[in-house]
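A.B. asks: So that we are looking at the same thing, I have put the structure below in structure tokens.
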Amino acid sequence: MRRAVWWLVFLALALAQTVPTSDFFRISQTTSRSTTTPGAWRYSVIPRTREARVYWDEVTGGWIRDLRAGLPVRFDAFVLRLQGKEVVLAPGCATYAPDCFDHPPLGEGLSAWKLDFLLTDLHNALVWVFADARRRASPYPATVAVSKFLRFTVGPDGVQGAEPLGWKP
């Protein structure tokens with residue numbers, strides 16, 4: 001009987017489908033070669049796969065619509081608001097939970113649980129990128145571009161501001 005239980009547990013573990021959260025976003029980093037800001041660090045957070053791009057386009061489209069309508073948007077550690085043509089940052093979640101991101105309605109064939117995995121992976125990427133950007137943001141601020149959504153300016157003391165990237169308020 002014990003042997004049968006162990007085989008059932010092993011079989012259940014073998015058949016369980018895992019969904020990786022480390023493949024949704026790619027992070028790239030470069031340094032500036034310009035004469036005005038030599039050595040300034042630039043980071044890009046970009047959806048890696050076709051599926052991630054579909055979800056990302058859907059969610060950022062909803063966030064942009066909300067911002068344009070004057071609604072605040074929860075974006076991880078920030079709450080974003082649009083004032084005129086400027087993105088205003090306010091503190092958001094202190095510790096991560098999937099609800100730290102607003103979840104706009106998804107299109108046909110997209111599932112909420114996959115969106116949660118995508119946003120968890122985005123959170124992990126942002127934690128790493130912002131920590132590295134703060135470390136390297138001297139003497140010039142670093143910039144973090146989040147694909148087709150926002151460009152953050154990061155100083156040694158943290159995120160200093162954000163502006164739209166690829167869309168107009």
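The values are calculated or read from the model by the stated rules, or taken from the named source; none is laboratory data. Since we're looking at a predicted model, the values are computed, not measured. Neighbour counts are summed over all protein chains in view; Cβ atoms, including those assigned to glycine, are modelled from backbone coordinates with ideal geometry.
A.B. asks: So Tyr140 clears everything in (1) touching a residue at least 24 places away in the same chain (Cβ under 8 Å); (2) in a strand (DSSP E or B); (3) hydroxyl-bearing (Ser, Thr, Tyr) except one condition, right? Which one?
C.D. replies: (2)
A.B. asks: Quick check on my filter: what residues within the range 84-104 are assigned to a helix (DSSP H, G or I) and in contact with a helix residue (DSSP H, G or I) (Cβ under 8 Å, 6 or more places away or on another chain)? Outline the logic, then answer.
C.D. replies: Restricting attention to the range 84-104, the residues satisfying the condition of being assigned to a helix (DSSP H, G or I) are 98-100.
Those that are assigned to a helix (DSSP H, G or I) and in contact with a helix residue (DSSP H, G or I) (Cβ under 8 Å, 6 or more places away or on another chain): Pro98, Cys100.
Listed here are the residues, each with its yes/no results for (1) within 14 Å of Val146 (Cα to Cα); (2) touching a Lys or Arg at 6+ places or on another chain (Cβ under 7 Å).
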{"residue": "Pro38", "(1), (2)": "no, no"}
{"residue": "Leu67", "(1), (2)": "no, no"}
{"residue": "Gly92", "(1), (2)": "no, yes"}
{"residue": "Asp99", "(1), (2)": "no, no"}
{"residue": "His123", "(1), (2)": "yes, no"}
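A.B. asks: A follow-up question, please. Output the residues belonging to the range 149-164 that are over 16 Å from Leu82 (Cα atoms) and not in a strand (DSSP E or B). Write out each step before concluding.
C.D. replies: Step one: list which residues in the range 149-164 are over 16 Å from Leu82 (Cα atoms), which gives 153-159.
Matches in the range 149-164: Pro156, Asp157.
A.B. asks: Another question, if that's okay. Among the residues of the range 69-83 satisfying the criterion of being touching a Leu at 6+ places or on another chain (Cβ under 7 Å) and outside any loop (DSSP other than H, G, I, E, B), which is nearest to Cys93 (Cα to Cα)?
C.D. replies: Phe78
A.B. asks: May I pose another question? Out of (1) surrounded by 18 or more Cβ atoms within 10 Å (Cβ to Cβ); (2) out of contact with any strand residue (DSSP E or B) (no Cβ under 9 Å at 6 or more places or on another chain), what's the single condition that is false for Val127?
C.D. replies: Of (1) surrounded by 18 or more Cβ atoms within 10 Å (Cβ to Cβ); (2) out of contact with any strand residue (DSSP E or B) (no Cβ under 9 Å at 6 or more places or on another chain), only one is false for Val127: (1).
A.B. asks: Among the residues of the range 10-27, is any at pLDDT 90 or above, surrounded by fewer than 15 Cβ atoms within 10 Å (Cβ to Cβ) and at negative phi? Outline the logic, then answer.
C.D. replies: Taking the range 10-27 as the starting set, the residues that turn out to be at pLDDT 90 or above are 24-27.
From the residues that got through so far, the ones that are surrounded by fewer than 15 Cβ atoms within 10 Å (Cβ to Cβ) too are 26.
Filter again for at negative phi, leaving 26.
Taking every residue of the range 10-27 in turn, at least one turns out to be at pLDDT 90 or above, surrounded by fewer than 15 Cβ atoms within 10 Å (Cβ to Cβ) and at negative phi.
A.B. asks: Quick check: is even one residue across the range 47-67 buried (at least 17 other Cβ atoms within 10 Å of the Cβ), under 17 Å from the mean Cα position of the chain (by Cα), in contact (Cβ under 8 Å) with a residue 40 or more places away in the chain and not in a helix (DSSP H, G or I)?
C.D. replies: yes
A.B. asks: Residues to consider are Gly107, Gly158; find the one that is of a type outside the set (S, T, N, Q), at positive phi, modelled with pLDDT under 90 and in contact with a helix residue (DSSP H, G or I) (Cβ under 7 Å, 6 or more places away or on another chain). Steps first, please.
C.D. replies: On the way: Gly107 fails: at positive phi.
From the options Gly107, Gly158, the qualifying one is Gly158.
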